[in-house]
Amino acid sequence: MPVSDPNVIDAIGVDALSNRVQMRMYEEREWVEPHVLMEDLTSKINQYLAYAFGGQLAEVPEYRNKNIVFMLHCQFMPPYSIHNTFQDIDNNLKDVSIHFEVYIGPDEQHPLQWRINEFETE
């Protein structure tokens, strides 16, 4: 279920601790061609937005009236050049009350911090 398939919601559920709807995306490819992966990610995010605001999310009672977070799980570390783009995505999604988080690996053990003073350059 890679990000390259924008027509699929990779995983969705409510986090018991935060009570947020987590809409997960999984990127299994290496970041050899970052522009291609970012185009695919943009399509995937647009599909997730359509799902969230098109009424489908509200059809599920446990998803109604909850905060939403889009979670991107990358199998491989994205290049430094993409980190600012992730920050831009997060800022744009906050305008519609959605958070965006990026993790390296399948769980939340390794969050990617994209603020310039919080990570080392490659």
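Values in this text are rule-based calculations from the coordinates and carry no lab data. Because the structure is a prediction, the values reported are computed rather than measured. So basically every Cβ, Gly included, is an ideal-geometry build from the backbone, and we count neighbours across all protein chains shown.
Some observations on this one:
- Amide H contacts of Val102 (H built 1.01 Å from N, in plane; Pro and chain starts excluded): Leu72, Leu112 sit under 5 Å, all sequence-distant by 5 or more or on other chains.
- Summed residue charge, Cβ within 13 Å of Gln22's Cβ, Lys/Arg positive, Asp/Glu negative: -3
- Residues in the stretch 38-74 that a label on Ser4 would reach, taking backbone N under 17 Å of a point 7 Å out along Cα→Cβ: 38-45, 73-74
- Distance distribution P(r), the chain, all Cα-Cα pairs, bin width 5 angstrom from 0: 2, 11, 22, 25, 21, 12, 6, 2, 0 percent.
- Helical contribution to [θ] at 222 nm, DSSP H n ≥ 4, -39,500 (n - 2.57), averaged over the chain, rounded to 500: -9500 deg cm²/dmol
- Between helix 34-53 and the chain: long-axis angle, C-alpha atoms, 0 to 90°, nearest 10: 10 degrees
- Each Lys and Arg Cβ is given +1 and each Asp and Glu Cβ -1; about its Cα centre, the stretch 33-104 then shows a dipole of about 220 debye.
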